[in-house]
């Protein structure tokens, strides 16, 4: 244990939290244009924080969408360089009525910081800025560091690829370090070594050209809501296999040995069900819960709407029905291919009595990161030091599409050393991030730098 | 032709329209509590209009919900009495963005009055008040008349039954006359002799106890939207038969002769498809379009919602999904029975991984009215006089649940002499009512009274 690190954190922890609160107060919802100004403002605030922490050449780099904040500290060109990636945009906060406190009015309750973005990803980004400040202030930065903090992760990082392509020299590094994932539990550290990809669509089903009275027309015209439901139902069979032709063609099949290895991660199904108040689990026949949400692809409706949604009863047949449908992809599946397969299938199962429209939103590729690299070892040792236990390598069900892009464009592997918990309710009402986890991140990151610099020698 | 009638209408038609506009400007949406004051205010305005037209004992009768406006004109207790029923409440106006002009800012375009309630039912109610005024002013009222105009038709007439039970003496009459239906076309008059019943439910499907990240949980927990879609899909087979056990048990089966008779109503499938911009029709195998929407029961989703409905992409698994589902019923089916069958079936097909809730909204019984009664003949002759063609008796797909209730409580048959058109977009954006139809109604009603009084002698 390095007492310099722990005492610096002890001395400054109140300020670390106050500064994070400043960031959390800005509603940087990238999905909703009405928060556009706030998203831009957040980039400026991040810039200021990087400068204050000691970074140089800090700039808010414009893109066709929201800007990317860049900053760096090169202490010696001969030393390795760590590129820290994160995002300052957040998910929409709705349904607002389910929040116990305002999503953009951070508060601490039960040692947890409650706010949209507390964990995903402002809290985790800010750990890096504060860990960097710590290394600067304690004169212990052992290698070079670059920061690339974007504002479009929650909407598909549409402009990051172009930025990376155009700034390969600037982004030159030896490894990418990302904290946008979690650990199994506060006493069971883990590092993510696999991520699922994503295909996300919006679909529209149109029946009649206007809303109709369900008495006068009911039974005689295609009801687009019924049809949409039937089409969605048709996308899975009774074993919860996805029925899109070709969908599983490229899915990585794990060996029994690999499945046994993954099954070693501690997991209690009863606790899982209890935490979510589920009377039964649900998913693809032949796979465990942990397999279903990591090594298997999925198809989930993320939103659906059509017709009358107000109070009381309205006897209407809607003209149109809509759904947002996404698929999580596993290694070897390709997002564009799956998007095409989905679109073809969805169009093919539509009865002639309706018109359908499929609009792809963003996609992302699945990825498996190496667990035998120098960087992985540096992260594993760092966590072992601060948690007192060697972290477990795990496959996560989530997607960070840019990991695959970094590999293809920059030739760099990423280390996914995140500090959140599954129970943090990211993307949900009452998102939160443990004060323990926030400070543990700030404590662990300097060890990663130290280990990485030492192991790279 | 009675020139007294036509010349009175010619002289007063501008005022008739202006007065209707007054009524249409009040947003008397009974389904939405935020319009509560407006609904009450509409009752007061109706009262004033009845008084002005010459009715006496006019009162706004309170109920547990919205009031019922009563008024009468008894000229001779020995003469027959016509009880006019109508409703002053309207459907919700949403989706608002699809209206070309404000739903409560009536305008005339192409000889049609555009506003919520223009046809259903303010326009048709007001025809009766103006026809009554005409008979009073021209001293031609040939029998007694009573008015009962309610404010809860669009939400199931919950309190009308109690009112009728408690006021049997006051409501004593020989026949009920209702204009809340339509004609086939302006040159093809028709009278409705059958109405479908209604069962209307709201359903809720709950998966996890909170919204979840679709990456971390996708595939491993029941997605309530997917499940709801699958359950809705299961309620019909591939022939569009409803699969609820027992659903068809009581359905009236028409003879081939009866079906042939119904098939005589003029109908052009190509025009029907063109008017609704349908590439194909859709419905139960083995029945024609006109049979599907009149003599066959239906199951339609009237609204569905859950998860993220905003712009862009949110990777969420919703905790809950909702739908409003209604069934139109045909003679011999019973609304309470069908509601129970639906509830049992819906609960039985829910997988153990979700919790479901079924909340019945209002229901109503199907009805067939006699087409050989004195009142029917009076209506038929009246239309023949004003349209120049004998009207066709038709079965309508819609529901006016109170017709069955009037029969059971008051022992009275109803005559459904309405003047709307299928294309009037009632319950939809841009509801309208032809100026022709409005004035034709005012013209026809006095003939009905005249014929009915004469035929009753």
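Is it the case that some residue within region A:3-26 is touching a helix residue (DSSP H, G or I) at 6+ places or on another chain (Cβ under 8 Å), more than 14 Å from chain B (Cβ to nearest Cβ) and at pLDDT below 95?
no
Considering each of A:133, A:105, A:44, A:59 in turn, give the residue that is more than 14 Å from chain B (Cβ to nearest Cβ), buried (at least 20 other Cβ atoms within 10 Å of the Cβ) and either in a loop (DSSP other than H, G, I, E, B) or more than 22 Å from the chain's Cα centre (by Cα) (or both).
Values: A:105 fails: buried (at least 20 other Cβ atoms within 10 Å of the Cβ); A:44 fails: buried (at least 20 other Cβ atoms within 10 Å of the Cβ); A:59 fails: buried (at least 20 other Cβ atoms within 10 Å of the Cβ).
Selected residue: A:133, the only one of A:133, A:105, A:44, A:59 that is more than 14 Å from chain B (Cβ to nearest Cβ), buried (at least 20 other Cβ atoms within 10 Å of the Cβ) and either in a loop (DSSP other than H, G, I, E, B) or more than 22 Å from the chain's Cα centre (by Cα) (or both).
May I ask you to list the residues in region B:1-30 that are surrounded by fewer than 21 Cβ atoms within 10 Å (Cβ to Cβ) and more than 19 Å from residue B:130 (Cβ to Cβ)?
None; the set is empty.
Restricting to region A:167-181, give me the number of residues that are more than 30 Å from residue A:341 (Cβ to Cβ) and part of a loop (DSSP other than H, G, I, E, B). Walk me through it before giving the result.
Keep residues of region A:167-181 that are more than 30 Å from residue A:341 (Cβ to Cβ), which gives A:167-177, A:179.
Subsequent filtering for residues that are part of a loop (DSSP other than H, G, I, E, B) retains A:167-174, A:179.
Result for region A:167-181: 9.
Among the residues of region A:35-46, are any at pLDDT below 95 and closer than 22 Å to residue A:116 by Cβ?
The answer is no, given that none of the residues of region A:35-46 is at pLDDT below 95 and closer than 22 Å to residue A:116 by Cβ.
What number of residues in region B:340-377 are modelled with pLDDT under 95, over 17 Å from residue B:393 (Cα atoms) and in a loop (DSSP other than H, G, I, E, B)?
Residues in region B:340-377 being modelled with pLDDT under 95, over 17 Å from residue B:393 (Cα atoms) and in a loop (DSSP other than H, G, I, E, B): 1 in total.
Name the residue, out of A:405, A:381, that is modelled with pLDDT of 95 or more and part of a helix (DSSP H, G or I). Spell out how you get there, then give the answer.
Numbers: A:405 fails: modelled with pLDDT of 95 or more.
Residue meeting the stated conditions: A:381.
Being modelled with pLDDT under 95, more than 7 Å from chain B (Cβ to nearest Cβ) and part of a helix (DSSP H, G or I) is the filter here; which residues of region A:182-224 pass it?
none
Being on the phi > 0 side of the Ramachandran plot and in contact (Cβ under 8 Å) with a residue 24 or more places away in the chain is the filter here; which residues of region B:78-114 pass it?
At the first step, the residues of region B:78-114 found to be on the phi > 0 side of the Ramachandran plot are B:110-111.
Scanning region B:78-114 gives a single hit, B:111.
Need the failing condition index for residue A:364 against (1) more than 22 Å from residue A:446 (Cβ to Cβ); (2) more than 14 Å from chain B (Cβ to nearest Cβ), just the number.
Of the numbered conditions (1) more than 22 Å from residue A:446 (Cβ to Cβ); (2) more than 14 Å from chain B (Cβ to nearest Cβ), the odd one out for residue A:364 is (2).
Does region A:152-163 contain any residue that is in a strand (DSSP E or B) and surrounded by fewer than 23 Cβ atoms within 10 Å (Cβ to Cβ)? Outline the logic, then answer.
Initial filter on region A:152-163 (in a strand (DSSP E or B)): none.
Among the residues of region A:152-163, not one is in a strand (DSSP E or B) and surrounded by fewer than 23 Cβ atoms within 10 Å (Cβ to Cβ), which makes the answer no.
Would you check which residues across region A:321-349 are more than 25 Å from residue A:152 (Cα to Cα) and at the interface with another protein chain (Cβ under 10 Å from one of its Cβ atoms) and list them?
A:321 - this is the single residue of region A:321-349 that is more than 25 Å from residue A:152 (Cα to Cα) and at the interface with another protein chain (Cβ under 10 Å from one of its Cβ atoms).
Within region A:275-296, how many residues are more than 7 Å from chain B (Cβ to nearest Cβ) and either surrounded by fewer than 23 Cβ atoms within 10 Å (Cβ to Cβ) or without any contact (Cβ under 8 Å) to a residue 40 or more places away in the chain (or both)? Let's see the steps before the verdict.
Looking only at region A:275-296, we keep the residues that are more than 7 Å from chain B (Cβ to nearest Cβ), and these are A:275, A:285-288, A:290-291, A:294-295.
Among the residues that remain, those that are also either surrounded by fewer than 23 Cβ atoms within 10 Å (Cβ to Cβ) or without any contact (Cβ under 8 Å) to a residue 40 or more places away in the chain (or both) are: A:275, A:285-288, A:290-291.
Going through region A:275-296 one residue at a time, the tally reaches 7.
Do you know which residues across region A:408-439 are in a helix (DSSP H, G or I), touching a residue at least 60 places away in the same chain (Cβ under 8 Å) and away from every other protein chain (no Cβ under 14 Å)?
Residues of region A:408-439 that are in a helix (DSSP H, G or I), as a first pass: A:408-410, A:422-424, A:435-439.
Imposing the further condition that a residue be touching a residue at least 60 places away in the same chain (Cβ under 8 Å) reduces the set to A:409-410, A:422-424, A:435-439.
If the condition is that a residue be in a helix (DSSP H, G or I), touching a residue at least 60 places away in the same chain (Cβ under 8 Å) and away from every other protein chain (no Cβ under 14 Å), then A:409, A:410, A:435, A:436, A:437, A:438, A:439 are the ones that fit.
Among B:375, B:425, B:379, which is touching a strand residue (DSSP E or B) at 6+ places or on another chain (Cβ under 7 Å) and under 30 Å from residue B:232 (Cβ atoms)?
On the way: B:375 fails: under 30 Å from residue B:232 (Cβ atoms); B:379 fails: under 30 Å from residue B:232 (Cβ atoms).
Just a single option satisfies the conditions, and that option is B:425.
Being modelled with pLDDT of 95 or more and under 30 Å from residue A:97 (Cα atoms), is that true of even one residue in region B:283-298?
Checked against the condition, which is being modelled with pLDDT of 95 or more and under 30 Å from residue A:97 (Cα atoms), region B:283-298 yields no hits at all.
Identify all residues within region A:75-85 that are assigned to a loop (DSSP other than H, G, I, E, B) and closer than 13 Å to residue A:132 by Cβ; write none if there are none. Quick ask: steps written out before the conclusion?
First pass over region A:75-85, keeping only residues assigned to a loop (DSSP other than H, G, I, E, B): A:75-80.
Across region A:75-85, the qualifying residue is only A:75.
Go through region B:390-402 and give me each residue that's modelled with pLDDT under 90 and outside any helix (DSSP H, G or I). Outline the logic, then answer.
Of all residues in region B:390-402, those modelled with pLDDT under 90 come to B:392-402.
Within region B:390-402, B:392, B:393, B:394, B:395, B:396, B:397, B:398, B:399, B:400, B:401 qualify.
Does residue B:310 meet the test of being within 7 Å of another protein chain (Cβ to nearest Cβ) and crowded, with 23+ Cβ neighbours inside 10 Å?
Numbers: within 7 Å of another protein chain (Cβ to nearest Cβ): yes; crowded, with 23+ Cβ neighbours inside 10 Å: no.
Considered against the rule, which asks whether it is within 7 Å of another protein chain (Cβ to nearest Cβ) and crowded, with 23+ Cβ neighbours inside 10 Å, residue B:310 comes out as no.
Inspect all residues belonging to region A:230-246 and state whether any of them is more than 32 Å from the chain's Cα centre (by Cα), within 7 Å of chain B (Cβ to nearest Cβ) and closer than 29 Å to residue B:423 by Cβ. Spell out the reasoning first.
Here is the first cut: in region A:230-246, the ones more than 32 Å from the chain's Cα centre (by Cα) are none.
Looking through region A:230-246, none of the residues is more than 32 Å from the chain's Cα centre (by Cα), within 7 Å of chain B (Cβ to nearest Cβ) and closer than 29 Å to residue B:423 by Cβ.
The values are calculated or read from the model by the stated rules, or taken from the named source; none is laboratory data. Because the structure is a prediction, the values reported are computed rather than measured. Please note: Cβ atoms are built from the backbone with ideal geometry, for glycine as well, and neighbour counts cover all protein chains shown.
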